[in-house]
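Below are the structure tokens for one structure; questions will follow.
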Amino acid sequence: MEKLFNRKITVALKYIVVAFVSAILLMLIMSSFAKREYAICGFLTIGLIAIAVTYLTNFSIPMKFFLPGMFFLFAFVVAPIVYTVAMSAFHYETGNYISKPDAISRILATGVRPDPNQTTFDIIIGEDSSKNLEILASDPTNKVYFLSTATTKTDLDPATVAVDENGDATIAPGFHALTPDQQNALDQQIANTRFQYSSSFFITIEGSNVASLKSQTLKYNSANDTFVNVQTGAVYKDNGVGNYANVASKTDFLQPGWRAPIWFANYAKLFTDPQIRKPLIQVFIWTMVFATLTVLTQFALGLLVAMIMNRKLFGRRIYRSIFILPYAMPSIMSILIWGGMFDTEFGAINHLFGTHVHWFQEALWARAAVIIVNLWLGFPYFYLISSGALQAIPAELSEAAAIDGASNRQIFRKITLPLLLQVVSPLLVASFAFNFNNFNIIYLLTGGGPTNTLGGAVAGSTDILISYTYKIAFGAGTQNLGLASAISVVIFFIIASISLYGIRRSKVLDSFK
């Protein structure tokens with residue numbers, strides 16, 4: 001009876017949790033559909049169906065355990081990878097974020113100019129009998145009054161309108177003024193409406209009671225998908241890469257542009273554009289050097305400390321606790337503290353050694369500082385794994401080699417190190433991959449600098465590929481997300497290739513055959 005009661009409680013809890021999660025997903029589905037995010041809507045719909053089938057039926061018992069992991073895997077790993085690869089094939093940078101229809105609308109909205117006389121009108125915002133937006137416009141100097149909607153303009157006889165002490169019309173036949181609350185509710189519509197004036201000019205509202213007379217300088221021809229500047233006669237045509245360009249001058253194009261597919265052009269730039277290729281090669285070389293030196297120094301120091309701590313020492317437990325402190329502390333805090341210690345004027349490093357080294361202003365010293373700080377942060381990790389690996393090596397091997405006359409150096413080089421590398425090789429590869437993309441240490445310690453900003457350089461002396469990509473994507477100047485996505489894809493293949501090669505060379509997978 002008790003088991004039956006407990007089972008009912010468990011089943012009830014399951015239904016409650018499934019109902020709660022389903023309600024959240026349904027809310028997100030409706031929200032994404034309303035915002036026309038159909039890809040997200042489709043993914044969430046599939047997830048909702050999968051949850052219902054998996055947990056409300058006995059379709060598959062293993063799926064009850066795998067489904068949450070699979071859901072988050074696709075949402076936060078697979079989907080970003082697919083999106084990054086897709087965006088690498090687009091012209092996607094500052095000025096080219098939106099879709100083409102939105103770009104056309106914005107070009108039309110900005111391609112206007114005031115009339116030569118800088119004419120303005122005092123207005124009251126209201127609506128006509130059909131509830132269309134309408135303005136009551138006044139030119140008190142010339143005693144001109146009219147009503148205007150987006151499609152019609154009606155001139156008024158001054159004798160039919162009521163005016164205030166300034167000569168501005170306040171009441172007109174058939175006109176209904178909007179209250180301030182009504183105007184606030186229609187604020188966006190009012191700002192975007194062009195009120196009729198003549199065949200060449202229209203009126204736009206500049207404030208709550210002022211409007212100006214303007215004309216369209218850029219006109220769009222939907223038949224041949226071109227813009228024409230009515231002042232200069234210049235024709236702007238879709239250049240195929242996300243902008244309307246002047247047919248007479250390819251460097252003259254209208255803003256904004258739009259996201260346009262350019263396929264492998266971003267990848268081609270990495271090798272053909274000197275302004276991109278040169279800093280990219282320099283950054284790649286430093287990234288390889290940084291990741292390699294980091295792994296070698298961290299492993300060497302970690303192994304050395306592990307071998308020392310593997311001997312019988314007084315207070316060994318205290319020493320071990322001290323050595324893992326850098327690994328236990330938050331890396332962000334440690335990096336910021338080290339950054340202060342390397343300060344040229346007030347840092348502890350220069351004061352301790354009596355030097356005046358410009359650590360973050362000179363490339364060589366900045367790179368040295370990065371290696372030193374990363375060594376401090378990473379050696380405890382290798383100390384821990386080396387300690388465990390050393391204890392797993394049978395002592396009989398070393399004793400037999402010593403009996404045969406082998407020196408300590410020979411024992412280490414011929415027995416200890418090869419056996420140790422068999423265990424830690426995958427971790428060395430993983431550490432290399434991690435440091436290849438170690439964004440925190442670069443961003444927080446040096447910011448990628450020193451950088452020759454006066455020379456127009458984007459990449460700094462300590463920038464690695466991931467920080468260089470970040471600057472391209474989110475820098476203060478032009479943000480080129482398409483090019484940054486292409487570099488991210490290249491980084492992925494580099495890391496995958498190096499990792500696969502390292503694992504194969506270490507033969508760590510042979511034991512699984």
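Which one of the conditions (1) part of a strand (DSSP E or B); (2) touching a residue at least 60 places away in the same chain (Cβ under 8 Å) does residue 138 fail to meet, given that it meets all the rest?
Condition not satisfied by residue 138: (2).
While we're looking at this one, here's another question. Of the residues that sit in the stretch 376-393 and are touching a Ser or Thr at 6+ places or on another chain (Cβ under 9 Å) and farther than 17 Å from residue 311 by Cβ, which one is surrounded by the fewest Cβ atoms within 10 Å (Cβ to Cβ)?
In this case the residue turns out to be 376.
Out of the stretch 341-386, which residues are among the charged types (D, E, K, R) and closer than 24 Å to residue 287 by Cβ?
362, 367
Results for (1) surrounded by 15 or more Cβ atoms within 10 Å (Cβ to Cβ); (2) at pLDDT 95 or above; (3) aliphatic (A, V, I, L, M), shown as yes or no for each residue.
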{"site": "223", "(1), (2), (3)": "no, no, yes"}
{"site": "232", "(1), (2), (3)": "no, no, no"}
{"site": "270", "(1), (2), (3)": "yes, no, yes"}
{"site": "273", "(1), (2), (3)": "no, no, no"}
{"site": "278", "(1), (2), (3)": "no, no, no"}
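How many residues are in contact with a helix residue (DSSP H, G or I) (Cβ under 7 Å, 6 or more places away or on another chain) and not in a strand (DSSP E or B) if we restrict to the stretch 173-207?
Of the residues in that region, 3 qualify.
Please name all residue pairs, on different chains or six or more residues apart, with Cβ atoms under 8 Å, provided the first residue is in the stretch 27-42 and is in a helix (DSSP H, G or I) and the second residue is surrounded by 12 or more Cβ atoms within 10 Å (Cβ to Cβ) and among the aromatic types (Phe, Trp, Tyr).
41/33
Taking the condition surrounded by 13 or more Cβ atoms within 10 Å (Cβ to Cβ), aliphatic (A, V, I, L, M) and not in a helix (DSSP H, G or I), does residue 357 pass?
yes
If residue 456 passes every condition in (1) surrounded by fewer than 18 Cβ atoms within 10 Å (Cβ to Cβ); (2) modelled with pLDDT of 85 or more but one, which one does it miss?
Going through (1) surrounded by fewer than 18 Cβ atoms within 10 Å (Cβ to Cβ); (2) modelled with pLDDT of 85 or more one by one, residue 456 breaks only (2).
Taking the options 432, 492, name whichever one is aromatic (Phe, Trp, Tyr), over 17 Å from the mean Cα position of the chain (by Cα) and part of a helix (DSSP H, G or I).
432
Name every residue in the stretch 282-313 that is without any contact (Cβ under 8 Å) to a residue 40 or more places away in the chain and among the polar types (S, T, N, Q), in order of residue number.
Passing the criteria: none in range.
List every residue pair whose Cβ atoms lie under 7 Å apart, where the two residues are 6 or more positions apart in sequence or sit on different chains, the first residue falls within the stretch 155-167 and is within 13 Å of residue 141 (Cα to Cα), and the second residue, located anywhere, is surrounded by 10 or more Cβ atoms within 10 Å (Cβ to Cβ) and basic (Lys, Arg).
Close Cβ pairs (under 7 Å, with a partner that is surrounded by 10 or more Cβ atoms within 10 Å (Cβ to Cβ) and basic (Lys, Arg)) amount to 158/143.
What residue, of 92, 55, 97, 145, is in contact (Cβ under 8 Å) with a residue 24 or more places away in the chain and under 21 Å from residue 197 (Cα atoms)?
So the residue among 92, 55, 97, 145 that is in contact (Cβ under 8 Å) with a residue 24 or more places away in the chain and under 21 Å from residue 197 (Cα atoms) is 145.
Any idea which of (1) under 30 Å from residue 338 (Cα atoms); (2) touching a strand residue (DSSP E or B) at 6+ places or on another chain (Cβ under 7 Å) is the one residue 453 doesn't satisfy?
Condition (2) is where residue 453 drops out.
So, one more: Give 482, 447 a once-over and let me know the one that is in the same structural domain as residue 275 (by TED's automatic domain parsing) and not in a helix (DSSP H, G or I).
Step by step, each of 482, 447 is checked, and only 447 is in the same structural domain as residue 275 (by TED's automatic domain parsing) and not in a helix (DSSP H, G or I).
Which one is farthest from residue 320 (Cα to Cα), of the residues in the stretch 394-407 that are in contact with a helix residue (DSSP H, G or I) (Cβ under 8 Å, 6 or more places away or on another chain) and surrounded by fewer than 17 Cβ atoms within 10 Å (Cβ to Cβ)?
So the residue we want is 406.
Let me ask something additional. So, in the stretch 86-135, of the ones that are charged (D, E, K, R) and surrounded by fewer than 17 Cβ atoms within 10 Å (Cβ to Cβ), which residue ends up farthest from residue 179 (Cα to Cα)?
For the stretch 86-135, the residue satisfying everything is 100.
The values are calculated or read from the model by the stated rules, or taken from the named source; none is laboratory data. Everything numeric in this text was worked out from a predicted model, so none of it was measured. Glycine also receives a Cβ, built like all others from the backbone with ideal geometry; neighbour counts cover every protein chain displayed.
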